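Undergrad: For reference, the structure I am asking about is given below.
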Amino acid sequence: MGQVTDLDTFAALLAPEGQALLTALRDHDPADELTTATRLRKDHPAPLVSAALGQAQLRQRAAAKFGADARLMYFTPHGVEQSTRAVVAAHRAARLAALGVRTLADLCCGIGGDALALARAGISVLAVDRDPLACAAARANAEALGLAELIEVRCADVTEVDTTGYDAVFVDPARRGGVRGGRIFDPEAYSPPLSWAVEAARTAPYAALKIAPGVPHDALPADAETEWISDAGKVKEAVVWFGGTPGSAPAAPDAMAGAAHRIVPGGRRATLLPAGDSLLGAGLPDPEPGPVGAWLYEPDGAVIRAHLVADVARQTGGRLIDPTIAYITADTLTETPYATAYAITDVLPFNVKKLKALLREREVGIAVIKKRGSAVEPEELRKKLKLGSGRRSCTIFLTRVAGAPTMLLGHPAAELTPGR
Ligand SMILES: C[S@@+](CC[C@H](N)C(=O)[O-])C[C@H]1O[C@@H](n2cnc3c(N)ncnc32)[C@H](O)[C@@H]1O
């Protein structure tokens with residue numbers, strides 16, 4: 001279906017006829033799109049029907065990020081892809097609000113994913129983007145969600161905006177547009193470049209810059225804290241936080257909240273959403289590797305990206321299974337939100353024939369195959385294993401132990417009955 005590519009069509013969607021079409025399409029089944037389009041074209045202009053169907057499609061795609069709000073919101077195709085998911089934006093907004101931020105310049109606001117969360121946290125936002133359609137969507141979103149009083153949208157190049165007087169600056173540069181529109185990995189190729197964003201950050205009492213989670217640590221400013229954020233176990237982004245210059249920072253309204261959210265220059269943090277557990281690294285050296293014990297811990301991706309595996313090993317009294325692999329092993333089970341624990345039943349040299357025989361003998365019909373430090377493709381291995389209809393399940397780790405290709409078999413600790 002056609003996507004809105006011009007401001008006139010977007011304005012038509014906001015007018016009564018466009019609104020009526022969008023309401024009619026709110027619960028439509030994408031499988032019936034052709035029939036729906038034909039029916040609607042009898043009473044409405046074809047370009048408007050096409051634009052409304054395109055918007056309805058984008059809303060459905062955006063539900064994964066914005067939940068029920070997506071049904072009321074407006075998107076551009078890029079806007080859906082590039083916007084921050086609501087749970088992550090809300091976390092960042094809550095941290096800024098707890099730091100005492102009351103006014104913020106959102107530089108590169110897109111369709112307003114962050115601006116909306118910031119406004120919901122009570123912050124007055126100047127939302128800037130150079131894409132007129134993104135600005136129109138951001139404005140419509142602020143209106144649709146009842147936040148228009150807290151969000152001023154300005155269509156401009158962020159490099160020309162004066163941010164003097166704001167408590168904080170937030171920059172979420174465009175990271176797409178590389179080869180064939182793919183992701184950009186070099187932070188200097190972001191639009192605007194990371195170096196510009198860092199300079200802009202240093203002019204405000206507080207600042208947060210959203211960057212790709214795979215950013216090389218040596219590209220990170222030493223005077224900032226970097227936070228890696230995952231949601232439901234998947235790493236979503238990294239945020240570079242700049243603290244207040246003494247005397248100019250607004251006072252945190254709540255001392256406790258302020259302490260928990262305090263920015264630690266040079267700090268590395270992993271935050272796991274939706275629960276919000278947050279681990280600030282203590283700068284520990286990598287733990288010594290040692291033999292595989294009764295338990296294996298698979299750290300959350302945010303912990304790995306933040307280089308905090310050593311901190312989780314310390315928490316769990318564990319060691320690495322190999323100096324180059326981010327699996328921790330221990331002899332006892334220690335609860336931690338930062339890693340998933342597995343009870344290990346077998347440690348074997350990598351051998352498909354042996355594995356196949358073992359799984360058959362144990363009546364395993366369901367296998368979860370994980371890998372770290374192995375060239376074997378889990379789906380290729382699954383085909384070779386030809387699992388039968390066995391009623392038992394098993395987790396298989398393809399990895400390296402002390403440099404040797406190894407298979408570990410086990411079960412998630414969460415699935416074990418107490419006392420087993
Ligand atoms: C990653 S998106 C922002 C997403 C937004 N934070 C959200 O959650 O919806 C980046 C945006 O930066 C804008 N942009 C890139 N360079 C810009 C510049 N120099 N001035 C203004 N906007 C810019 C793009 O138009 C794009 O909308």
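The values are calculated or read from the model by the stated rules, or taken from the named source; none is laboratory data. This structure is a prediction, so every number in the text was calculated from the model and none was measured. Backbone-built Cβ (ideal geometry, glycine too); neighbour counts: all protein chains shown. Ligands, DNA and RNA are stripped out before the accessible areas are found, and what is left, the full protein with its side chains, is counted by its heavy atoms. Shrake-Rupley method; radii C 1.70, N 1.55, O 1.52, S 1.80 Å.
Undergrad: For region 94-189, which fully contained strands (runs of 3 or more DSSP E) count at least 2 residues that are of a type in the set (D, E, K, R)? Explain how you work it out, then say what you get.
TA: On the way: elements: 103-107, 124-129, 151-155, 168-171.
Here the list reads 151-155.
Undergrad: Let me ask something else. If we keep just the residues of region 110-122 that are within 10 Å of Gln82 (Cα to Cα) and touching a strand residue (DSSP E or B) at 6+ places or on another chain (Cβ under 9 Å), which is surrounded by the most Cβ atoms within 10 Å (Cβ to Cβ)? Explain how you work it out, then say what you get.
TA: Here is the first cut: in region 110-122, the ones within 10 Å of Gln82 (Cα to Cα) are 110-111, 113.
Next, from what is left, pick out any that are touching a strand residue (DSSP E or B) at 6+ places or on another chain (Cβ under 9 Å): 110-111.
Numbers: Gly110: 26, Ile111: 31.
Out of the qualifying residues, it is Ile111.
Undergrad: Please find, among Asp311, Asp322, Asp331, the residue that is over 12 Å from Asp286 (Cβ atoms) and acidic (Asp, Glu).
TA: Details: Asp311 fails: over 12 Å from Asp286 (Cβ atoms); Asp322 fails: over 12 Å from Asp286 (Cβ atoms).
From the options Asp311, Asp322, Asp331, the qualifying one is Asp331.
Undergrad: Looking at region 115-159, which of its residues are more than 25 Å from Ala12 (Cβ to Cβ), within 8 Å of the ligand (Cβ to nearest atom) and among the acidic types (Asp, Glu)?
TA: Result: Asp157, single match.
Undergrad: Where residues in region 192-206 are surrounded by fewer than 19 Cβ atoms within 10 Å (Cβ to Cβ) and without any contact (Cβ under 8 Å) to a residue 40 or more places away in the chain, which of them is farthest from Arg176 (Cα to Cα)?
TA: In this case the residue turns out to be Glu199.
Undergrad: Could you please find all residues in region 21-32 being touching a helix residue (DSSP H, G or I) at 6+ places or on another chain (Cβ under 9 Å), free of Cβ contacts under 8 Å to residues at least 40 places away in the same chain and closer than 24 Å to Asn141 by Cβ?
TA: The initial filter retains those residues of region 21-32 that are touching a helix residue (DSSP H, G or I) at 6+ places or on another chain (Cβ under 9 Å), namely 21-22, 24-30.
From what is left, the residues that are free of Cβ contacts under 8 Å to residues at least 40 places away in the same chain are 21-22, 24-25, 27-30.
Leu21, Leu22, Ala24, Leu25, Asp27, His28, Pro30, listed by residue number.
Undergrad: Restricting attention to region 67-93, which residues are within 12 Å of the ligand (Cβ to nearest atom) and in a loop (DSSP other than H, G, I, E, B)?
TA: Residues satisfying the conditions are Met73, Tyr74, Phe75, Thr76, Ser83, Thr84, Arg85.
Undergrad: Continuing with this model, one more query. Out of (1) farther than 20 Å from Ile229 by Cα; (2) open to solvent by 60 Å² or more (accessible area, probe 1.4 Å), what's the single condition that is false for Thr340?
TA: Going through (1) farther than 20 Å from Ile229 by Cα; (2) open to solvent by 60 Å² or more (accessible area, probe 1.4 Å) one by one, Thr340 breaks only (1).
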